[in-house]
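Chemist: Encoded as structure tokens, here's the structure I'll be asking about.
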Amino acid sequence: MSFTRIASGAVLVAAVTASAALSAVPANAATTAGTGAISASASSAAAAPFISVTSSESFVPDTRPTISGVSTPAADVYITIPGFPLRNERVRSDAAGNWSYQLTRATSGNFGGNTATVVTAAGAYAQAGFSFFSQYPESTDDSAAFRPIVVDATQKVATGVYEVSGKATPGALIVLRARGLSQGVTVADSAGSWRARVGADGVGPWVQTIAYQQHANGTSSVAFQLTR
């Protein structure tokens, strides 16, 4: 799917008319449909537009989360995330009504007051509000004795996909990082074993590829290289 930036909502405002007020609604709430500039007879003849946001409310910190949902098929969808900041970024729903947008850079934090607005070719619109936030999985087994993290093996399992495994403190949160981003996240099991899959594009080595562990009884990290 291709994404087209527009100038501060100019196209959106023109589609729903200057007098049409679009207000945010709580996440997962019913959408609000409007008729904008279309006539009453055209409005009654066509199905009312609809939109919902179906992507998870949480995402892994330091990644590029994807906002996705379902709306009126083959229509323009405008995404606004004030805290990113992002205003009226346009995507297109497919023939089944599915749409998605991936943020252009890695981020962390809590994002509220966001809206997704669908606008049909006839000028009718509907809007849904949503929020999302970054969150790591919870570590477990706080009483476990601390053990430094180690990487035992890396293995290519598919084109551009690698599995990394090792040992750490039982219940510790494990984060694999490269290029300043969270590439893989998991939690060590009761024996301290862990494994996670990461994606590695290109043929050159990743710079500063590191496995971190975080636990109530301590933290540690170790550098490693992927076997290509």
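The values are calculated or read from the model by the stated rules, or taken from the named source; none is laboratory data. These numbers were taken from a predicted model, which means no experiment stands behind them. Cβ placement follows ideal geometry from the backbone for every residue including glycine, while neighbour counts extend to all protein chains displayed. In case anyone asks, the SASA skips ligands and DNA or RNA and just uses the protein heavy atoms, side chains included. Shrake-Rupley method; radii C 1.70, N 1.55, O 1.52, S 1.80 Å.
Chemist: Checking Gly112 against (1) touching a residue at least 40 places away in the same chain (Cβ under 8 Å); (2) surrounded by fewer than 18 Cβ atoms within 10 Å (Cβ to Cβ): exactly one of these is not met. Which one?
Modeler: (1)
Chemist: Sticking with this one: Restricting the search to the range 108-145, which residues are hydroxyl-bearing (Ser, Thr, Tyr) and part of a loop (DSSP other than H, G, I, E, B)?
Modeler: Those that are hydroxyl-bearing (Ser, Thr, Tyr) and part of a loop (DSSP other than H, G, I, E, B): Ser108, Thr120, Tyr136, Ser139, Thr140, Ser143.
Chemist: Is it the case, given these coordinates, that Arg105 is open to solvent by 10 Å² or more (accessible area, probe 1.4 Å) and not in a strand (DSSP E or B)?
Modeler: Numbers: open to solvent by 10 Å² or more (accessible area, probe 1.4 Å): yes; not in a strand (DSSP E or B): yes.
Yes, satisfied.
Chemist: Please go through (1) more than 15 Å from the chain's Cα centre (by Cα); (2) modelled with pLDDT of 95 or more for Ala121 and return the number of the only condition it doesn't satisfy.
Modeler: Failed condition: (2).
Chemist: For the condition at pLDDT 95 or above and small (Gly, Ala, Ser), what is the one hit in Gly97, Gly34?
Modeler: Gly97
Chemist: On the given criteria, is Asp76 charged (D, E, K, R) and under 18 Å from Ala124 (Cα atoms)?
Modeler: yes
Chemist: If you don't mind, another one. Please find, within the range 62-95, the residue that is farthest from Gly109 (Cα to Cα) out of those that are within 10 Å of the chain's Cα centre (by Cα) and in contact (Cβ under 8 Å) with a residue 40 or more places away in the chain.
Modeler: Taking the candidates together, the pick is Ile67.
Chemist: Could you please find all residues in the range 146-167 being within 15 Å of Asp189 (Cβ to Cβ) and either of a type in the set (Lys, Arg) or not in a strand (DSSP E or B) (or both)?
Modeler: Within the range 146-167, Arg147, Ile149, Lys167 qualify.
Chemist: Please verify whether Pro137 is farther than 30 Å from His215 by Cβ and open to solvent by 10 Å² or more (accessible area, probe 1.4 Å), treating the condition exactly as stated.
Modeler: No: the conditions fail for Pro137.
Chemist: Does at least one position in the range 188-211 carry a residue that is surrounded by fewer than 14 Cβ atoms within 10 Å (Cβ to Cβ) and touching a residue at least 60 places away in the same chain (Cβ under 8 Å)?
Modeler: No: zero hits.
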